[in-house]
Each structure stands twice: as structure tokens, then as C-alpha cells.
Amino acid sequence: MLAELKSKLSSVSVLRADEPLAKRTTLRVGGSADIYVEPASEADLGFVLQWCGQRSVPFVVLGRGSNLLIRDGGIRGVVICLAQPHFSRVEISSYRIYCGAGAKLKQVAMDAKRENLTGLEFLEGIPGTVGGALRMNAGAMGSWTFDVVESIRYMDYAGQAHEQEAQEIKVEYRCCPLLKDHIALGAVLKGHPASREVVEKRMKAFNEKRWESQPAAPSAGCIFKNPTTIPAGKLIDELGLKGTRVGDAVVSQEHGNFIINDGKATARDVLELMAVIRKRVKDERGIELETEVEIIGE
Ligand code: EPU
């Protein structure tokens, strides 16, 4: 099966079987992918999608794995990672930033700073890729991704590429529904000219806020979406759940909405701990916490 797929792709594309995925997530848990592909071009990505479609092989796209909980049994089918140079480029012209879906948000923020563009500083602390941030409409420090998007380029599951202006795209808190069944290829982001001092000051302030309120240990960021009535972290903190442990999965002391991997946590530990939190929150406050991290695999 692998050989057949390989024969359709250019020699630069990466293709491997039984690829361990824990190291590709920030939480560092989860099993292996049956097939792992890093397509070198849009054409190769299109071939992979068509191949999967024709054979009913499931696939998922992996970004930096920073908002992801992969179950211990791993992922059947194909895991696609847009890590090759074609997808990870960042180019700036005037106030526009052209970035591939595989580009790291930190790099986008740094490149914008180098060109004295403001508005993108909040991206610096999000440990994800542009594609993941678009799909999740990731946010921090009072901004979310689509605040700075001018247009996006994406592919449908038949391998056809499309482009769309941001104002035509429906987005929600932590979700871009269009990208739930399409793959982000890249985006044009926009910044505003500013002095270097202004950009540096904003970035430093965001950075400090993050370091004082969020853990440095391996995690998947915030585990639950914020309910409309109270931030999930505050709620979990108020219920005295910080430090609660299942195996090596622990509710962070720094921020109640983070679960950290304190060594050798498994996905099962993390899922059990999430269930403990959800039950306490439901029993004591009547609130149904909604998961923010994406949970995939067997
Ligand atoms: N709080 C507590 N105890 C805690 C955590 C927070 O009392 O353990 C209080 C804080 O003092 C503050 C309020 O809760 O008054 C909100 O906390 P914070 O400013 O940390 O923001 P958040 O709503 O918990 C959101 C995003 C984060 C993002 C931060 C900073 C969600 C689910 N989370 O957290 O995003 O980094 O704002 O802008 O929307 C992520 O999505 O993975 C993520 C980390």
C-alpha cells in the first residue's frame, strides 16, 4: 500500500510507516500513525487526498500538535504534515504577510516584528502553525487569528485548491467551520506599520503575561473552551482541582485549564483526568465543559 502511494508522489515528499506521534505533539502522548506523509507540494498533497478518497482510507492533518490529544492506540490511515518548505514559507511585502499553513506562528510574529508591523504580536506565544491557527481560529491576549487574516488558500478533499477573502468566511470562538472539512494551505495576514519599539513592547508584555500565568511543562494549552459565564481556568481553580493527578497527568498549579504531562503520562491518564474535572464542574456548578483540544486516534 505504501509503495503504491509512494509511486504517485515526487521524490522530495516524505513517506513513512508506523511513525510515532507523541514527539510531534506538545503534550507528548499518543500512539503511532499507520502512514505518515509530508507532501512537498500542493500537487502531492492533492494526490494523497485522492488516493485516500479512492480507497476510503481516513486521514488527518497534523500541525505542530499543540492543541491535540492523540489516543494511545495511534491513528489508523494517513497523517499528513505540511512541514516541507513549500508549506512553511513566510514572505512579507509591504503590510501583507504571505504564509504557508505549515509556518510556525512564532516565526510569523518575529518576521512581522522585523518588518515593523504591529497587530501580530499575540501570535508569538501560540505554539502552533498557521494552518492549525486558522482551523481553530486560535487566540490569545484578546485577539484571535481571523482578526489579522486578509484571505486564505485551502484545498478540498478532492485535491482542488481554492482562495477566499476572510470577510466571506464564517468564524467563531475557537472554530473556522470551513476548515473542518477542507485543508488550509496558507493565508495572507495583514499588519500595520509601527515603530520597532511599539512592536517590541507589546510582544514583551504578552510574553511576560504568558510566562506568569501559564505552565512551561508539556501541555496541550487550554483543555476546555471558556464557558460564557466564567473562564474554565478560574472555575477549575475555584473548585480546588489544581494539582489533581491521574497517573502522570496533572492539573497545572499555574493555570487550572492546563493539564501537564509530568513525565510519562498516557492519553488515557489525560482523558481520565478530563472526565474527573468535567464531573466535578457539572456536579458542583451545573456547567458542561466543552473540550477545546482536539481528541483523535484509537
Ligand atoms: N484564572 C484563575 N485561575 C487560574 C487560571 C485563570 O483565577 O488557574 C483567572 C485569571 O486570573 C483571569 C481569568 O481567570 O482573571 C482568565 O484567565 P487568563 O487570562 O489566563 O485567560 P483564559 O481565559 O484562561 C485564554 C485562552 C488562552 C490564552 C489566554 C491569554 C481559552 C480557552 N483560553 O485563557 O488560550 O492563552 O486567554 O490570552 O480561550 C489555548 O487556547 O490553548 C490557550 C492557552
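Listing for the model above:
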item: Electrostatic dipole magnitude of the chain [Cβ: Lys, Arg +1; Asp, Glu -1; Cα centre; debye, to 20]; result: 360
item: For the stretch 108-172: accessible area per residue (Å², 1.4 Å); result: 40
item: Distance (nanometres) between label positions extended 7 Å along Cα→Cβ at Ser41 and Glu254; result: 4.3
item: Rounded FRET efficiency, nearest 0.05, which uses the C-beta distance separating Lys23 from Ser94 and R0 of 30 Å; result: 0.20
item: Positive dipole terminus of the chain, leading residue within Thr129, Val199, Leu5 (C-beta point charges); result: Val199
item: Calculated FRET value between Val14 and Ile230, using beta carbons and R₀ = 41 Å, to 0.05; result: 0.40
item: Where labels lie 7 Å past Cα in the beta-carbon direction, separation of Met110 and Glu150 in nm; result: 2.4
item: Cα centroid separation, the stretch 2-61 to the stretch 196-211 (Å); result: 37
item: Computed helical MRE - 222 nm, the chain, DSSP H runs ≥ 4 contributing -39500 (n - 2.57), nearest 500; result: -8500 deg cm²/dmol
item: Contour excess over end-to-end distance, with Cα ends at Lys180 and Glu212 and 0.36 nm allotted per residue; result: 8.2 nm
item: Residue (of Leu45, Val79, Gln164) at the positive-pole extreme of the chain, dipole from beta-carbon charges; result: Val79
item: Cα lying deepest toward the dipole's positive end in the chain, options Thr228, Pro218, Phe146, charges on Cβ; result: Pro218
item: Under 5 Å, built H, 5+ apart or other chain: amide partners of Ile295; result: Leu69
item: Gain on full stretching of the segment that runs from Thr291 to Glu168 - 0.36 nm per residue minus C-alpha separation; result: 41.6 nm
item: Theoretical gain in end-to-end length, Gln50 to Lys201 [0.36 nm per residue, Cα-Cα removed]; result: 49.7 nm
item: Alpha carbon convex hull of the stretch 1-107, volume per residue in cubic angstrom; result: 106
item: Distance violations [Cα-Cα > 20 Å] among Lys234/Lys279; Lys113/Lys204; Lys104/Lys170; result: Lys104/Lys170
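The values are calculated or read from the model by the stated rules, or taken from the named source; none is laboratory data. Since we're looking at a predicted model, the values are computed, not measured. Here Cβ is always computed from backbone atoms with ideal geometry, including for glycine, and neighbour counts include all displayed protein chains. In case anyone asks, the SASA skips ligands and DNA or RNA and just uses the protein heavy atoms, side chains included. Shrake-Rupley method; radii C 1.70, N 1.55, O 1.52, S 1.80 Å.
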